[in-house]
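Have a look at the structure below, then the notes.
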Amino acid sequence: RAGEVIDLSKLTGVVVDDVDAKTVGEWRPSTSSGVAVGQGYRVFKGEGASMTFTIKPAAPGKHHVRVSYTHGGNREKATPVTVTVGDQTKSYKIDQTKPASDGVCFHDRGVFDVAADQAVTVQFSTDGTTDYVITDAVQLLTPAQMKAVLADGLPVPKPPAPQGKDEKKKDDPPPPPPTFKRAAPKQPANQLSAEQLEAQVTSALEIKEPLTVIDDEAFLRRVTFDLIGRQPTREELHAYRDAPSGTRRADVIERLLASEDFGRHWADYWRDVIGYRQMEPELTFHDYGPFKNWLADKFNAGVGWDEVVFNLLTARGKVGDAPAATYIGFHQGNSHRLAGETMRVFMGVRIACAECHDDPFVEGLTQERFHKVAAFFARTDAKIAQLNSDGIEVIHKDKGEHRMPRGRGDLAPTTLDGQGVEVGTDDRTRRIALAEALVSGDNRLFARAYVNRLWARLIGRGFIEPIDDMGRNVDHSKVMPGVLDALADHFVATKFDTKALLSLITSTDVYRRDRTRATDHTALASPAIKKMNGDEVFKSLVVATGLPNVTPPREQKTGAVRFPPPPQRTRALAVEAFSYDPSVADADIPRTMKQAMFLMNNQQVQAQIDASPDSDTMLSKLVASKTDDDTITEHLYEITLARRPTPREREIVRDYVKGIDNRGDAWEDVLWSLLNSTEFTTRK
């Protein structure tokens, strides 16, 4: 019965749906499980969010207050719900893993006496929760209406007719996901120290002269961007300056890797890698929220990359309930797309060209080899849920094989290095076999592909370019192959631990080098100046100005627009303007007018650059509390660029502010200029 909805007009009493409630936080719409009221229900995981329903009865008197939610095993067992009527407030904890009291979706919260002109306020909160909180609707019923509802039940669609004993039930839950088992590699692998990595890089590039490194403030900004995806706060900057110089770099790396923001940042990155080339089905907008939450949890828990990829390739079920199914589901179970993207994303090899003909740039990559990889997904399928990507479901087909175009024989699923299964094998076994072969510690290409990506992300250039085309027969695209192999061995030896790999690289002097003073030769081992993506720009604006993530009103259906897209929040607008395919080279990252216009005149950004006393912004409070211009200048530079201003910059700001009659206007111009500077949107 997942996906069924109850028409609001058929419900008794007064009902307020979740679309009309006031929200704090990014609540995700869904209809992927259970029976919902109106347009579906909302989901949130994490603290700091709330949803408030305000509902007024048709007449004063006693009313039953009922709240609606869909239950499930991944729901919160103690969801805080508060009901307020006048000066009377009652708080409850609802176990949303259990069915609602009416057996469908409504849970009775008791009887309240509502006076004339009074409203009932019901608030769902996520404070203190650890699992998914579900909100749907609130209903007020008089005692007479409640009695009638108990007698008649809810107007829900009837369940499907019973099936014959030999028929397979379509709604049977999928089997549990396969258990990941990491086998020790037959080929020995050794870990590296930071000193060993530096020595290998120096030797490979034959660097003889000492190289200039960046100062401590620049290092803090660089490593904070790279590990958690935003610039450091002013408080973090001051704490770093005050920390012991001998250990502060190591300490800040450890602190950042332990931050919850670490997993979220790298989930954003891999969402872009995986999702940038996915095609949305008709009338559906992909929501990567569940996938990013799942992936962030894996990164923060230190789960190995091999286990993460194994789960992505073997997942089944609905995306909203099994976020690991996002990769297969959002590719709509298409065997050709999955073959090409699996090899490109996780192995760093482009094989999609061989779908139609032998690839002239990759030795041995024939059309037949491509289609043998595609055969692993011959029995994989996806049911598309329009208007709700959470409902996209990865399923299996009981029969079906893969053939080459105009081919006569069924192809046995086979990896590029010859591992595979027989024709006739079921979907689950096929995908487990593929996943195990790809993520094996003995398949060094898997480790090299990941290391190559992370090195490119941190340094600006991969050992092999393009980073998703490591199989090309072009020698000039490769540098320091021995270092790549040593880092891949380190990755295998640490059980594919992303945190250990990032800790190693960011602890080296290679990572601290100053690209602006590097030669063409030494630039290969000096972090590049890099354009930020949309998530990084938004989070840095939050740090600098307290930028809110505003949700505009929902667009209404019209005759011309039957299926309006979801409203875009401030963060979504920043992501749309600044994001790019992470697999492209830095030189190909777009610089657009939309990016400039977002920072110059976005309504929410401009509202934060307001120094008027009644605006209650950071800037207005700063200008009102400080009279010394140099103090304000230093504060603004620290919150926007995470550094102190130079003497020349202080002088320029001082002269400008003195030359403007309105002091508030002058400081608005200064802050606007800093946010629109190239430095603000660049990681140096």
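Structural remarks
- A simple count of charges around D497, restricted to other residues whose Cβ falls under 11 Å of its Cβ and scoring Lys, Arg +1 and Asp, Glu -1, yields 0.
- A 1.4 Å probe run over the protein chains yields, for the chain, 45 Å² of accessible area per residue, whole-number rounding.
- Taking a Cβ cut-off of under 12 Å around S579, the surrounding Lys, Arg, Asp and Glu residues balance to a net charge of -2, with basic ones at +1 and acidic ones at -1.
- Virtual spin-label span in nm between M404 and K594, 7 Å along Cα→Cβ: 4.1
- Projecting the Cα positions of S579, L674, T631 onto the charge dipole of segment 535-684 (unit charges on Cβ atoms of Lys, Arg, Asp and Glu, taken about the Cα centre) puts S579 furthest along the positive direction.
- Diffusion constant of segment 171-258 at 37 °C, which comes from Stokes-Einstein with the Kirkwood Cα-pair radius and 0.692 mPa s, µm²/s: 189
- Taking the inverse of the mean reciprocal distance over all distinct Cα pairs, the Kirkwood hydrodynamic radius of the chain comes to 28.2 Å.
- One chain, two ends: Q187 and D586. Fully extended at 0.36 nm per residue, the span grows by 140.2 nm beyond their Cα-Cα distance.
- Sequence-separation-based contact order of the chain, relative, with Cα cut under 8 Å and 6+ spacing, percent: 12
- Sorting the segments 660-672, 332-344 by their mean number of nearby beta carbons within 10 angstrom, highest to lowest, gives 332-344, 660-672.
- With the highest mean first, a sort of the peptides 296-302, 132-138, 285-291 on other beta-carbon atoms found within 10 angstrom per residue produces 132-138, 285-291, 296-302.
- For the chain, carbon and sulfur atoms together expose 50% of the accessible surface, with a 1.4 angstrom probe and every protein chain in place.
- Cα principal axis extents for segment 281-372, largest first, Å: 41, 36, 17
- 12 Å beta-carbon shell around G333, net charge (K/R +1, D/E -1): +3
- Counting only protein heavy atoms and using a 1.4 Å probe, the accessible area of K372 comes to about 60 Å².
- Coordinate range along principal axes, alpha carbons of segment 233-284, Å, largest first: 56, 19, 15
- Within segment 352-432: Cβ-based charge dipole about Cα centre, in debye rounded to nearest 20 (Lys, Arg +1; Asp, Glu -1): 260
- Taking 0.36 nm per residue of separation and subtracting the Cα-Cα distance, full extension of the segment from T212 to A258 would add 13.6 nm.
- Dipole axis of the chain (+1 Lys, Arg; -1 Asp, Glu on Cβ), positive-most option in T54, Q606, F219: T54
- One way to sum up the overall shape of segment 463-611 is the equivalent ellipsoid from its Cα gyration tensor, whose semi-axes run 39, 20, 17 Å, largest first.
- Dipole moment magnitude, nearest 20 debye, segment 169-310 about Cα centre, only Lys, Arg, Asp, Glu C-beta charged: 400
- Scanning residues 5 or more positions from T414 or on other chains, those with amide H under 5 Å from its amide H are V373, A375, F376, with H placed 1.01 Å from N in the peptide plane.
- Rg(Cα) / (2.2 N^0.38 Å) computed for segment 537-674, rounded to two decimals: 1.28
- Helix-only mean residue ellipticity at 222 nm for the chain, each DSSP H run of n ≥ 4 adding -39500 (n - 2.57), per residue, nearest 500: -11000 deg cm²/dmol
- Charge dipole magnitude, Cβ of K and R +1, D and E -1 - the chain, Cα centre, debye nearest 20: 1300
- Difference of contour (0.36 nm per residue) and Cα-Cα distance, R562 to N662: 31.1 nm
The values are calculated or read from the model by the stated rules, or taken from the named source; none is laboratory data. Since the model is a prediction, treat every value here as computed from it, not as a measurement. Methodologically, a virtual Cβ is constructed for each residue, glycine included, from the backbone with ideal geometry; neighbour enumeration extends over all protein chains shown. What goes into the accessible areas is simple: the full protein's heavy atoms, side chains included, and nothing from ligands, DNA or RNA. Shrake-Rupley method; radii C 1.70, N 1.55, O 1.52, S 1.80 Å.
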